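For reference, the structure is listed below as structure tokens.
Any read-out appearing in this document is the output of simple, stated calculations on the displayed coordinates, not a laboratory observation. The structure presented is a predicted model; accordingly, all values stated were derived computationally and were not measured. Cβ: placed from backbone, ideal geometry, glycine included. Neighbour counts: every protein chain shown.
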Amino acid sequence: MLRPMYPAEAGARPEVLRASLDARVRGRVPRMVVLIGCVSLLTDVAAEMVASVLPLYLFMVLRLSPLEYGWIDGLFNGSAAIVRVWFAHWADRTQQHKRIAFLGYAMSALSRVGLFVAGLGGWISVAVVLLLDRIGKGIRTAPRDAMIAQCSSAPALGASFGVHRAMDAVGALTGPLLATGLLLAFPGRFDYVFALSVFFAVAGLVVLARWVKVPPARDTADGAAGAAASEGAGVISVRAAPIAAAGTPWRALLRAPYLALCGCCALLALFTVSDGMVYAGLQARGRVEPAWLPMLFVATAGVFMVAAMPIGRLADRLGPMTVFAAGHLGLVALYALVSLDLLSAAATVGATVVLLGLYYAATDGVVMALVARGLPARIRTTGMAVVTSVVGLARMAASVVFGWCWTEWSHEVAMGVFAAGMATSLLLALLAIRAWSLAAASTWEEPR
């Protein structure tokens, strides 16, 4: 339904109407973004219930070494890259983002059922089930982020992704709390945790199927009337910057700025230690009791939840590069603190959860907003998938390398090596992000 036009607007010139509309929608987060966030929230409750107890389960029940845990953790973080690009390309070709995202969410829900029997076959069967879950994540992530971009206005991309990541963080906070409560009430009953995770995963599927409705992707708006109609429906269209406006759309993914962006993200991920390995190291060094290990995931998610939306809006105002750099500098500081072991146990744990939470708030949604700004809608999903895939593969390698360093030397030395690598990589990454931002800004057009 079209929004009623006020008398003052009836005789206004088109450019005045466009400016007025832009002022009203700037910074507004559409209803569909919130609904997509609800799906992610419920799914993250299910995922984090499992992820938060995984270090305990693998170390204390299956008795894995740090190197074996590194292989499992690498599989958990990187296996989504196996299918991510192919399904993202399929989503771009068919424009069936919701259906493909639903497939990914359904596979992750199915993996929760498999966890009931995975432990009987040892760590290999657990790895197979986790692989199914991560493949589901790889299928759904890029189509979901593309739907968020389709529903958002250009000035509010950072805010939209910030709201979504904040709702993600609510799920990431709730899941470990529920898992901790179940294990405190029923010690050793990991099957209770797995059963409740199935319930939340199915609930997320229901919300996606029943209530999420996303408009088709388009690179241009249909004028002020079309934009007003979208606003009335709670959906704001966005035009992506057509870096590859001429020729085939795939040329945008072969241009130097995009390849440099992918390379810098992969390089940074290669020196990123997973949360589980950071927490497991603190526990192994006596900084935190095993029963309270899941609460570190809760605290980190709480910081992420509080900071995601404000930092997303800050990225819209200051530019994503500044926020992105600050998040990684915080990670370098964290690795150095843990490596040098200068603080007390409580201070080390507090710094860990705060800096990790701020890192995710300053990088996760900001990177996707960067990619969305610089690619046309017809290849936006694929572009997002390529970036997240190279990051996933790099993090898989990082987990294996960190596990080897921990096994051969110590947790402190491994953290020091990764701190130095992250600091060096960040200098190169900022140059690549600047080139990408300039290329996107030079071709950006607001909806007409």
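Choose one of Met422, Ile433, Val354: the residue whose Cα lies farthest towards the positive end of the charge dipole of segment 343-448 (beta-carbon charges +1 Lys, Arg; -1 Asp, Glu; about the Cα centre).
Value: Ile433.
Could you state the number of Å between the C-alpha centres of segment 144-208 and segment 26-71?
7
Roughly how many debye, to the nearest 20, is the charge dipole of segment 243-363 about its Cα centre, given +1 on each Lys and Arg Cβ, -1 on each Asp and Glu Cβ, and no other charges?
Around 360 debye, computed over segment 243-363.
Counting Lys +1, Arg +1, Asp -1, Glu -1, what net charge surrounds Val273 among other residues with beta carbon under 10 Å of its beta carbon?
-1
Considering the dipole of segment 243-383 built from charges on the beta carbon (Lys and Arg +1, Asp and Glu -1) around the Cα centre, which of Leu253, Leu331, Ala315 is farthest to its positive end?
Leu253
How long is the gain from Ser344 to Phe116 if the chain were fully straight, where each residue apart is worth 0.36 nm and the alpha carbon distance is subtracted?
Full-extension gain reported as 78.2 nm.
Over what distance in Å are the Cα centres of segment 265-315 and segment 337-408 separated?
10
Among the chymotrypsin sites (Phe, Trp or Tyr not before Pro) within segment 392-432, which fall in a DSSP loop and have no more than 15 other Cβ atoms within 10 Å of their own Cβ?
Trp409
With label points built 7 Å along Cα→Cβ from the Cα atoms of Leu62 and Ala435, find their separation and express it in nm.
Modelled inter-label distance: 4.1 nm.
Using the beta-carbon distance between Ser125 and Glu408 and R0 = 35 Å, what value does 1/(1 + (r/R0)^6) give for FRET efficiency, to the nearest 0.05?
Once rounded, the FRET efficiency stands at 0.80.
First select every other residue whose beta carbon is under 10 angstrom from the beta carbon of Thr174; then total the charges, Lys and Arg +1, Asp and Glu -1.
-2
Mind giving me the FRET efficiency for Val34 and Ala284? R0 is 45 Å, r the Cβ-Cβ distance, nearest 0.05 is fine.
With a Förster radius of 45 Å, E is 0.65.
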